[in-house]
Amino acid sequence: MSGAWFDPALDGEGYNLVFFPGGMVVYFYGSTTTGERLWLLSDVFSGSLSFEEVVEITMFEATSGDFLAPVPSAESLTPWGVLRMQSDDCANGVFELDGADGVKVSNVQQLVGIDGAVCN
């Protein structure tokens with residue numbers, strides 16, 4: 001399931017799932033309810049994923065720093081809300097963001113995966 005995911009009905013935003021030996025992190029790229037760019041980063045999820053099971057992960061928003069002077073994560077990430085993920089299979093699912101900007105439900109498809117990765 002590693003790779004880029006998006007909802008074809010919500011073109012212009014998406015998710016990136018990154019798996020590593022210690023677990024998984026999720027990035028969300030989109031906009032706030034007021035049209036500002038919104039970048040969210042999940043907490044590390046170290047549990048197992050199963051089809052049709054809902055997984056809930058805390059999401060954080062970067063709130064400070066700039067291009068030439070980034071701020072360390074421990075200082076700039078603030079809790080935003082949660083992401084609930086449910087996979088129907090290796091290429092489809094439902095992701096629900098619930099937090100500071102309200103609730104958004106995305107019927108996602110995998111846009112691109114990681115070459116050689118196997119989904120069980």
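Just so you know, all these numbers are worked out from the coordinates, no wet-lab data involved. Bear in mind the structure is a predicted one, so any value in this text is a computation, not a measurement. Virtual Cβ from ideal backbone geometry, glycine too; neighbours counted across all protein chains shown.
Here are a few things to note about the model shown:
- Of all the listed residues (ALA91, ALA62), the sole one being touching a helix residue (DSSP H, G or I) at 6+ places or on another chain (Cβ under 6 Å) and not β-branched (Val, Ile, Thr) is ALA62.
- Residues located in the range 34-70, provided they are of a type in the set (A, V, I, L, M, F, W, C) and without any contact (Cβ under 8 Å) to a residue 24 or more places away in the chain: TRP39, VAL44, PHE45, PHE60, ALA62, PHE67, LEU68, ALA69
- Of all residues in the range 71-108, those being touching a residue at least 40 places away in the same chain (Cβ under 8 Å), assigned to a loop (DSSP other than H, G, I, E, B) and of a type outside the set (A, V, I, L, M, F, W, C) number 1.
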